[in-house]
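Enquirer: Before I ask anything, let me first share the structure, which is written out below as structure tokens.
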Amino acid sequence: DRFLVLELYNGVNYEESGTPGTINDRKQNMRIRFRQHEVKFDLSTFKMNRTNEDLFKNYHTMLNVKQLVYYEDSLESKQKKDQEYFGNNVLMYTMMKKDLRVDSTLKAEDIPLQSDIIRNFPKKNWPSIIASSYGVIRNIRSYAENNASDQEQLNKQIRRHVIEFHRKFTLSIACIILFFIGAPLGAIIRKGGLGMPVVISIFFFIFFHILSITGEKMAREGVLPVWEGMWLASMILTPIGIFFTRKATADSALFDINTYLDFFKQIGKVFTRKKQVSP
């Protein structure tokens with residue numbers, strides 16, 4: 001980790017010899033040819049430290065498919081537990097005990113509750129009950145907002161892991177799809193040499209890239225389900241690749257401009273004949 005080592009092959013090494021400042025301070029230039037030479041540069045002065053791998057080894061982009069499935073399942077389990085914990089806590093805040101009424105001669109289960117909840121308590125206690133209720137509501141609201149923020153962060157982490165899982169497959173499938181688009185173009189486009197098929201292929205590649213970025217962003221933001229966003233480009237370009245492949249196997253003149261010119265010429269002749277026949 002201290003040295004930058006270069007392995008050089010079939011080169012020339014230039015060196016200057018001689019002691020400057022002496023009477024004969026002329027220097028000699030030496031030129032040495034070599035087949036293999038190793039050069040070391042000391043990097044200790046840069047104080048370069050290797051980053052601890054534990055800091056990023058669990059990052060979603062560093063995980064394989066099996067690890068992504070494991071972390072996704074762990075995050076979903078944590079999210080479910082947090083939701084249950086939140087629900088139980090809120091329920092504890094909002095429970096009303098029947099035995100808070102003044103009439104102690106009756107059992108709590110024998111006391112019917114009125115629909116207007118505050119009327120189940122002595123009237124003198126209403127102001128304190130209302131004030132206490134406002135405090136409870138404020139606490140529940142603050143707790144709910146914090147919980148919603150935590151849930152959103154968990155959702156984002158889950159979506160990132162699912163996106164990375166699908167990326168492992170979409171990039172591989174993209175190579176096949178673009179092949180079935182680019183290869184037929186070389187057979188269909190007969191004019192323009194190599195340049196025209198390359199230009200059209202680059203256009204489809206840029207189109208695919210834009211669709212991929214758009215779909216991934218929509219999946220990351222939760223606008224679309226993750227699988228739809230990540231496979232959006234593949235779903236759109238797969239029919240195009242099938243169409244081009246079928247046209248190439250049928251030796252179609254899909255991109256021959258003369259074919260379209262002849263078509264419009266025939267239409268023009270039809271309209272000309274109609275004008276001549278009409279009185």
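The values are calculated or read from the model by the stated rules, or taken from the named source; none is laboratory data. A quick note: this is a predicted structure, and the numbers were derived from the prediction, not measured. Cβ: placed from backbone, ideal geometry, glycine included. Neighbour counts: every protein chain shown. Just the protein is used for accessible areas: all its heavy atoms, side chains included, with ligands, DNA and RNA removed. Shrake-Rupley method; radii C 1.70, N 1.55, O 1.52, S 1.80 Å.
Enquirer: At 7 Å along the Cα-to-beta-carbon direction for both K217 and Q28, put a label point, then send me their distance in nm to one decimal.
Expert: 6.7
Enquirer: If ligands, DNA and RNA are left out, what is the accessible area of I32 with a 1.4 Å probe, given in Å² to the nearest 10?
Expert: So the heavy atoms of I32 present about 80 Å² to solvent.
Enquirer: A further question on this structure: Within 10 Å, count the other beta carbons around each residue, average over each peptide in 216-229, 54-67, and list them highest first. Mind dumping the intermediate values first?
Expert: Values: 216-229: 16.4, 54-67: 11.5.
The most tightly packed comes first, giving 216-229, 54-67.
Enquirer: By the scheme Lys and Arg +1, Asp and Glu -1, what is the net charge of all other residues having a beta-carbon under 14 Å from that of R159? Walk me through the numbers before you get to the answer.
Expert: On the way: positive: K156, R160, R167, K217, R220; negative: E72, E76, E152, E164, E216, E221, E228.
With Lys, Arg at +1 and Asp, Glu at -1, the neighbours total -2.
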